[in-house]
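Undergrad: Got a structure for you, questions after.
The values are calculated or read from the model by the stated rules, or taken from the named source; none is laboratory data. Predicted model only: the values in this text are computed from it and were never measured. For neighbour counting, all protein chains shown are included, and Cβ atoms are generated from backbone atoms with ideal geometry for every residue, glycine included.
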Amino acid sequence: MKSVLSLALLTGVVAGLPSAGGGYTEEYEYVIIGSVSANLARDGHSVFLIEAGEDKGDTLLQRAPAYADTNSEHPDQSWAFFVGHYQNDTQARRDWKFTYRLNNGSLYYGLDPPDDAEPLGIFYPRGASVGGSSQANAMNFILPPDNNWEYIAELTGDDSWRAQNMRDYFIQLERNLYTNGEEPGHGYNGYISSNMNNISYVLNRPGFVDMVSSSIQETEGIKVESREQMTELLQRDLSRIDTNRYEQGVVFRFPLHINALRERSSARDYVIDTLNSRTSDGTERYPLTLSTNSLATRVLFDTTGDRPKAYGVEYLKGEGLYGADRRYNASQTGELKQVTATREVIVAGGAFNTPQILKLSGVGPREELENLDIPVVKDLPAVGNYMQDNYEGPIVVRAATTFSDGSPYVNCTFDYTNPETDPCFNEWHDSHTGAYGEGGAPIAMLYRSSHSENNDTDLFFFGAPGAVFDGHYPGCSQYQAPPETWFWSMVKMQPGNQAGTIRLRSANPRDVPEIQFNFFEQDGDRDLAAMVEGVEHAMRIFDGVQAPYAPFEIVEPSVPGSGVSVEQGIRDLAFGHHVTSTCRMGPKDAEDYCVDSEFRVNGIDGLRVVDASVFPRTPGAFPVAPTFMISYKAYKLLVAEAAAAK
Ligand SMILES: Cc1cc2nc3c(=O)[nH]c(=O)nc-3n(C[C@H](O)[C@H](O)[C@H](O)COP(=O)(O)OP(=O)(O)OC[C@H]3O[C@@H](n4cnc5c(N)ncnc54)[C@H](O)[C@@H]3O)c2cc1C
Ligand SMILES: *[C@@H]1O[C@H](CO)[C@@H](O)[C@H](O)[C@H]1NC(C)=O
Ligand SMILES: *[C@@H]1O[C@H](CO)[C@@H](O)[C@H](O)[C@H]1NC(C)=O
Ligand SMILES: *[C@@H]1O[C@H](CO)[C@@H](O)[C@H](O)[C@H]1NC(C)=O
Ligand SMILES: *[C@@H]1O[C@H](CO)[C@@H](O)[C@H](O)[C@H]1NC(C)=O
Ligand SMILES: *[C@@H]1O[C@H](CO)[C@@H](O)[C@H](O)[C@H]1NC(C)=O
Ligand SMILES: *[C@@H]1O[C@H](CO)[C@@H](O)[C@H](O)[C@H]1NC(C)=O
């Protein structure tokens, strides 16, 4: 399958970088930057995957669900971006998560930095190992509302985006472990396992049961009378087939992408299985090549025809070469290489890096590229614009007593440097049960504010006792919440703001771009008002819980009597980590859109983008399931095209 091609046939070397050594460039049908893709190779197409990080999928940090937070800020598995939420500096620095670099090199977050501290912004981790953020995330796995897909179908005029069709892709990729094996709308033979948190870890905890009872009462008007009734109510499945499933306020358990052994399951495993698969005589079964420690620096174009055509990718081979990598060392420059794609180049570097790669390649807003002396291949203003994210708003209280009764977590240390001294780790290791196989937030809740743009709920809560999730800051994964804590994280669906931007700071592919979300700039009053209603809803739930847990002391979003309104508290503390839409999909060849409904970059041949960058609007409350679905859709499309071309 592989062949070699003399470098002399290739053109151009980016300014400022050493030229490619070796004299040969390898050739594949598809070259894919950043993501995981095994299906094309399984269909017999030669594929070269370029991944900046390494494969860490076998490490305990990635396998054990309980380590998800630790893993998300681990130096050799994730990248540390620092982003802007507001251009208004006063507002930006009201967030205690705002982080600075001190003159001795240490990071500081808080409201009282020394005068000479360098402002960095808000810490925003992204997975940077094989599998990307799906190897570093919290594994919450849920389908978005059907109307999110219908919106894409309407916008592009392409009916293959209809919810019903998208459901088929989900069925094909899912291996559902939490329903009875014959639930319509779920798949049972796919490569991504979905599973549930352990319901007895809710039902065996009196304080947790009280909070769930009050949540159901306030959200649904149902008074829970028995353990059986609560069990039944918590079985409700938000990924079921039902076009109106997001309309009801409802309390339910959160599905996760974990397998039957209570380990993280994701597309990374499928790639590794594909790579390792051998025929009976020991030869590689599939034509898949994975190049790790490889930072794509630009896509190469043939510009001799009417339309530019992508024919390959240039990349730097080396460890920790990107500026967001905590191992970054400017004097280690890596080795420049090239690889050729006979069919297509697919960019899947994630919603921050895909627009950066496109711009470095000459695809983006003309003025920005010209200012940096990057030759313009295609003036495409949508690249790096319209960036979106779900807002998350923290609601944190302290109860009058501990939530530890019945908790499976009481004896756990979660000390990842010394796991074998943790009885909870040993339980998970030996019998695949216990706290290590659980997600961070067992309970979820939908609520409709009066500002929803349709009949759907627009707020998605998840919560837990004895823990806190109030956003990212350096070291956040090691924070131990007092056992009296209860948190809700409130995810704003249908976020109205599309004013986020990603701009190159330089033409150096190792530099991190400037990332500015411009929170609440569009539809901000509406979204803030919706989130204030969400806080009020949570307060009613707390009011419905009796002693010994009540009374509750409110910690976030604003302490009563502090003079900070709930709205201002949300402004100060809102965060996100579901970035999308930096290369948004829309009508074919429309310049305010980046790709067409078949993932093709507008105005260019042989180049597609397949990752969370393409969603024209942030889907639902959690992007990973929809991202897996669009990847599968793209695979089906490519295979069909390749077959037709034969
Ligand atoms: C801490 C955290 C928790 C999250 N929790 C959830 C959750 O519970 N549920 C949910 O649905 N979503 C969650 N998300 C979001 C979700 O995981 C992502 O939205 C999803 O994985 C899609 O990401 P993406 O397409 O932007 O790309 P990513 O998954 O980030 O993948 C990009 C890949 O490209 C590689 N790359 C980037 N640039 C280059 C380059 N120049 N050359 C080579 N390779 C490159 C990166 O190393 C990475 O592997 C979470 C995210 C984070 C960070
Ligand atoms: C900047 O933010 C602060 C704090 O929210 C606010 O008081 C001020 O009015 C803002 N300034 C502008 C110019 O919007
Ligand atoms: C840097 O200074 C801060 C504040 O004085 C201190 O807490 C931190 O430990 C210092 N870091 C190093 C690496 O010396
Ligand atoms: C960075 O790399 C250079 C060259 O290999 C090396 O001399 C230097 O010690 C490294 N710096 C750090 C901080 O590791
Ligand atoms: C915690 O450890 C104690 C002492 O070994 C034991 O009695 C108790 O059952 C453990 N609790 C849990 C929830 O595992
Ligand atoms: C679920 O909880 C029950 C009761 O504590 C326990 O016996 C069982 O092992 C747990 N299952 C898993 C997968 O952790
Ligand atoms: C919302 O619900 C009402 C009443 O059921 C219905 O008439 C209307 O069509 C629905 N609107 C949308 C956008 O689905």
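Undergrad: Has the stretch 339-354 got at least one residue that is among the β-branched types (Val, Ile, Thr), farther than 20 Å from Glu27 by Cβ and either more than 16 Å from ligand 1 (Cβ to nearest atom) or crowded, with 19+ Cβ neighbours inside 10 Å (or both)?
TA: yes
Undergrad: Let me ask another. Is it the case that Asn165 is outside any strand (DSSP E or B) and modelled with pLDDT under 95?
TA: no
Undergrad: Just for the stretch 430-454: of the residues that are part of a loop (DSSP other than H, G, I, E, B) and over 30 Å from Gly221 (Cα atoms), which one is nearest to ligand 6 (Cβ to nearest atom)?
TA: Only one residue fits best here, namely Thr433.
Undergrad: Working carefully through the options Glu154, Glu118, Glu51, find the one that is more than 15 Å from the chain's Cα centre (by Cα), buried (at least 22 other Cβ atoms within 10 Å of the Cβ) and among the acidic types (Asp, Glu).
TA: Result: Glu51 is the single residue among Glu154, Glu118, Glu51 that is more than 15 Å from the chain's Cα centre (by Cα), buried (at least 22 other Cβ atoms within 10 Å of the Cβ) and among the acidic types (Asp, Glu).
Undergrad: Only one of these conditions is not met by Asp470: (1) among the acidic types (Asp, Glu); (2) touching a residue at least 24 places away in the same chain (Cβ under 8 Å); (3) within 16 Å of ligand 5 (Cβ to nearest atom). Which number is it?
TA: Here Asp470 meets the rest and fails (3).
Undergrad: Could I ask something else about it? So is Glu174 acidic (Asp, Glu) and crowded, with 21+ Cβ neighbours inside 10 Å or not?
TA: For Glu174, the condition - acidic (Asp, Glu) and crowded, with 21+ Cβ neighbours inside 10 Å - is met.
Undergrad: To continue, here is another question. Pick from the stretch 356-379 the residues that are under 25 Å from the mean Cα position of the chain (by Cα) and part of a helix (DSSP H, G or I): which of them is farthest from Asn508 (Cα to Cα)?
TA: So the residue we want is Leu358.
Undergrad: Going through the stretch 380-399 one residue at a time, which ones are assigned to a loop (DSSP other than H, G, I, E, B) and more than 18 Å from Glu556 (Cβ to Cβ)?
TA: Result: Leu380, Pro381, Ala382, Val383, Gly384, Asn385, Tyr386, Asp389.
Undergrad: Which residue out of Glu484, Glu453, Glu514, Glu521 is surrounded by fewer than 22 Cβ atoms within 10 Å (Cβ to Cβ), within 16 Å of ligand 2 (Cβ to nearest atom) and acidic (Asp, Glu)?
TA: It is Glu521.
Residues checked against (1) closer than 17 Å to Val345 by Cα; (2) modelled with pLDDT under 95:
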residue	(1), (2)
Asn602	yes, no
Arg608	yes, no
Phe615	no, no
Gly620	no, no
Phe628	no, no
Ala634	yes, no
Ala643	no, yes
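Undergrad: Out of the stretch 402-424, which residues are surrounded by fewer than 19 Cβ atoms within 10 Å (Cβ to Cβ), near ligand 5 (Cβ under 8 Å from one of its atoms) and outside any loop (DSSP other than H, G, I, E, B)?
TA: Once the filter is applied, which keeps residues that are surrounded by fewer than 19 Cβ atoms within 10 Å (Cβ to Cβ), near ligand 5 (Cβ under 8 Å from one of its atoms) and outside any loop (DSSP other than H, G, I, E, B), the stretch 402-424 yields only Pro423.
Undergrad: So for the stretch 137-158 (the condition being in a loop (DSSP other than H, G, I, E, B), of a type outside the set (Val, Ile, Thr) and within 16 Å of ligand 4 (Cβ to nearest atom)), does at least one residue qualify?
TA: no
Undergrad: Restricting the search to the stretch 410-424, which residues are away from ligand 6 (no atom under 12 Å from the Cβ) and in contact (Cβ under 8 Å) with a residue 60 or more places away in the chain?
TA: Listed by number, the residues that qualify are Cys412, Phe414, Tyr416, Pro419.
Undergrad: Right, something else. List the number of the failed condition for Glu427; all other conditions in (1) more than 15 Å from ligand 1 (Cβ to nearest atom); (2) touching a residue at least 40 places away in the same chain (Cβ under 8 Å); (3) outside any loop (DSSP other than H, G, I, E, B) hold.
TA: The single condition Glu427 does not satisfy is (2).
Undergrad: Next question. Can you pull out the residues in the stretch 343-368 that are within 12 Å of Asn385 (Cα to Cα) and among the small types (Gly, Ala, Ser)?
TA: Across the stretch 343-368, the qualifying residues are Ala351, Gly364.
Undergrad: Restricting attention to the stretch 84-109, and to residues there that are aromatic (Phe, Trp, Tyr) and more than 16 Å from Ile570 (Cα to Cα), which single residue is surrounded by the fewest Cβ atoms within 10 Å (Cβ to Cβ)?
TA: Per the criteria, the residue is Tyr108.
Undergrad: Does the stretch 168-193 hold any residues that are in contact (Cβ under 8 Å) with a residue 24 or more places away in the chain, in a loop (DSSP other than H, G, I, E, B) and closer than 16 Å to Leu256 by Cβ, and which are they?
TA: Leu177, Tyr178, Thr179, His186, Tyr191
Undergrad: Restricted to the stretch 415-425, and to residues that are under 21 Å from Ser200 (Cα atoms) and touching a helix residue (DSSP H, G or I) at 6+ places or on another chain (Cβ under 6 Å), which residue is nearest to ligand 4 (Cβ to nearest atom)?
TA: Residue satisfying both the conditions and the ranking: Phe425.
Undergrad: Test Leu321 against the criterion of being over 22 Å from Gly576 (Cα atoms), touching a residue at least 40 places away in the same chain (Cβ under 8 Å) and buried (at least 23 other Cβ atoms within 10 Å of the Cβ), and give yes or no.
TA: yes
Undergrad: Among (1) touching a Ser or Thr at 6+ places or on another chain (Cβ under 8 Å); (2) surrounded by fewer than 23 Cβ atoms within 10 Å (Cβ to Cβ), which single condition is Met585 missing?
TA: Met585 satisfies every listed condition except (2).
Let's see how each residue does on (1) over 11 Å from the mean Cα position of the chain (by Cα); (2) among the hydrophobic types (A, V, I, L, M, F, W, C); (3) in a loop (DSSP other than H, G, I, E, B); (4) under 16 Å from Ala163 (Cβ atoms):
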position	(1), (2), (3), (4)
Gly603	yes, no, yes, no
Arg608	yes, no, no, no
Arg617	yes, no, yes, yes
Gly620	yes, no, yes, yes
Pro626	no, no, no, yes
Ser631	yes, no, no, no
Ala634	yes, yes, no, no
Leu638	yes, yes, no, no
Ala644	yes, yes, no, no
